[in-house]
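Trainee: Below you'll find the structure I mean.
The values are calculated or read from the model by the stated rules, or taken from the named source; none is laboratory data. All figures in this text were calculated on a predicted structure; none of them were measured in a lab. We place every Cβ from the backbone using ideal geometry, glycine too, and count neighbours over all the protein chains shown.
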Amino acid sequence: MDTAALQVTQRGAAPAGMLTADDRALLASLIQDAQGIRFDEPMSRHTTLRIGGPADALVQPGSIDELCAVVRACAARAIPVIAVGAGSNLLVRDGGVRGVVLGTRRLRGLDRVSDTAIHVEAGVSTGKLLHAATTWELGGLEFLGGVPGSVGGGMRMNAGTYLGEFKDVTTEVTTVRAAQRLDAGETTVRPAAACGFAYRHSDIPADEIVVSARLALRPRSRAEIEADVASLRQRRKEREPKKVSNAGSTFKNPPGDYAGRLIEACGLKGTRIGGAECSPAHANWLVNVGDATARDLLALIDLCRARVQEAHGITLEMEVKVIGED
């Protein structure tokens with residue numbers, strides 16, 4: 001029998017996702033920098049909502065090779081793995097996450113590989129990517145002005161604004177298989193056409209981790225890029241809540257309409273449940289006013305969806321990703 005298959009079989013009777021002392025020792029041995037792994041780590045420290053219970057382990061590999069090694073070890077020991085980016089579009093439930101939360105924030109490779117092409121790893125922030133493209137006088141990423149997060153998460157959800165989306169500039173995406181199977185830890189390179197990019201969506205399999213992408217940009221003067229970015233940032237500044245923990249827009253805009261308009265029309269602006277509030281500044285921003293729990297925010301999400309469904313016959317789809325246990 002294959003060694004990996006044998007290890008999975010032997011662990012089969014263990015409580016799902018609970019890390020043994022051997023599991024923890026193995027994971028720690030795979031990460032060169034001790035800062036790259038934390039056990040029983042509150043996820044509230046790693047999301048922009050500042051909400052979330054503890055992960056059994058938060059592992060942040062310093063390279064794609066390290067990430068692949070962690071994935072293979074977890075697959076062999078039947079340890080659940082879920083990947084996260086910068087935590088800017090993420091709600092973690094109060095019970096936390098069993099198994100391994102695999103962060104990509106330390107995958108920071110960013111290179112200009114030709115006159116108009118960039119290779120970027122998943123942990124590079126959207127701000128750093130935009131800054132590099134601007135410095136190299138390459139246009140096409142202006143839509144990232146003021147957009148938080150990292151490339152990996154942005155690629156998976158096809159992040160964007162009215163100026164564009166990742167699908168407009170992506171030529172290929174590299175992922176690592178993270179499912180508990182014998183090919184765990186192997187990479188797949190897909191052309192953009194095979195990624196199924198759509199509005200705030202991609203068809204990149206849920207059990208694969210985005211680790212890098214190649215982007216095709218176009219020559220453009222720095223002054224022109226900066227003018228478009230400044231305009232976008234000013235527009236966002238005028239419309240968005242300030243000085244409050246949030247995850248950006250909570251719901252996707254339905255076809256031909258805006259989630260914020262629908263929620264506001266239901267009279268929900270300013271509504272609070274516990275520490276969660278439907279922001280008075282923008283109804284599609286459900287925010288943490290200081291002491292919200294995931295339970296509070298999920299209750300407010302349910303209320304907004306129910307009222308919009310009742311009043312408008314529209315089912316709002318989530319843009320924020322929800323993980324973990326109650």
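Trainee: As an exercise: evaluate Arg236 against (1) surrounded by fewer than 18 Cβ atoms within 10 Å (Cβ to Cβ); (2) under 22 Å from the mean Cα position of the chain (by Cα); (3) of a type in the set (Lys, Arg); (4) at pLDDT 95 or above and give the number of the one condition it does not meet.
Mentor: (4)
Trainee: Further question: Report every pair of residues separated by at least 6 positions or lying on different chains whose Cβ atoms are under 6 Å apart, first residue within the stretch 45-70 and without any contact (Cβ under 8 Å) to a residue 12 or more places away in the chain, second crowded, with 21+ Cβ neighbours inside 10 Å.
Mentor: Correct list of pairs: empty, since none qualify.
Trainee: Now a separate question. Which one of these is out of contact with any strand residue (DSSP E or B) (no Cβ under 8 Å at 6 or more places or on another chain), at negative phi and of a type in the set (D, E, K, R): Glu310, Glu325, Glu277? I'd like the intermediate steps shown before the answer.
Mentor: Details: Glu325 fails: out of contact with any strand residue (DSSP E or B) (no Cβ under 8 Å at 6 or more places or on another chain); Glu277 fails: out of contact with any strand residue (DSSP E or B) (no Cβ under 8 Å at 6 or more places or on another chain).
Criteria check complete, one pass: Glu310.
Trainee: Give me the residue from the stretch 75-131 that is out of contact with any Gly (no Cβ under 8 Å at 6 or more places or on another chain) and of a type in the set (Val, Ile, Thr) and, out of that set, nearest to Asn288 (Cα to Cα).
Mentor: Only one residue fits best here, namely Val101.
Trainee: State which residue is surrounded by the fewest Cβ atoms within 10 Å (Cβ to Cβ) when the search covers only the stretch 1-51 and only residues that are at pLDDT 95 or above and acidic (Asp, Glu).
Mentor: For the stretch 1-51, the residue satisfying everything is Asp22.
Trainee: Could you list all residues from the stretch 274-306 that are farther than 21 Å from Asn89 by Cβ and either hydrophobic (A, V, I, L, M, F, W, C) or touching a Leu at 6+ places or on another chain (Cβ under 6 Å) (or both)?
Mentor: Once the filter is applied, which keeps residues that are farther than 21 Å from Asn89 by Cβ and either hydrophobic (A, V, I, L, M, F, W, C) or touching a Leu at 6+ places or on another chain (Cβ under 6 Å) (or both), the stretch 274-306 yields only Ala306.
Trainee: Tally the residues that are in a helix (DSSP H, G or I) and not β-branched (Val, Ile, Thr), restricting the search to the stretch 132-157.
Mentor: 10
Trainee: Checking the condition closer than 21 Å to Val59 by Cα and out of contact with any strand residue (DSSP E or B) (no Cβ under 9 Å at 6 or more places or on another chain), which residue from Ala178, Ala198, Ala206 passes? Reasoning before the result, please.
Mentor: Working: Ala178 fails: out of contact with any strand residue (DSSP E or B) (no Cβ under 9 Å at 6 or more places or on another chain); Ala198 fails: closer than 21 Å to Val59 by Cα.
The unique qualifying residue is Ala206.
Trainee: Could you tell me which residue of the stretch 151-197 is nearest to the chain's Cα centre (by Cα), considering only residues that are crowded, with 17+ Cβ neighbours inside 10 Å and hydroxyl-bearing (Ser, Thr, Tyr)?
Mentor: Thr175
Trainee: Now for a different question. Anything in the stretch 267-318 that is surrounded by 19 or more Cβ atoms within 10 Å (Cβ to Cβ), touching a residue at least 40 places away in the same chain (Cβ under 8 Å) and among the β-branched types (Val, Ile, Thr)? List them, or say none.
Mentor: Matches in the stretch 267-318: Val287, Thr293, Ile301, Val308.
Trainee: Is it fair to say Val147 is closer than 21 Å to Ser249 by Cβ and buried (at least 23 other Cβ atoms within 10 Å of the Cβ)?
Mentor: It is false that Val147 is closer than 21 Å to Ser249 by Cβ and buried (at least 23 other Cβ atoms within 10 Å of the Cβ).
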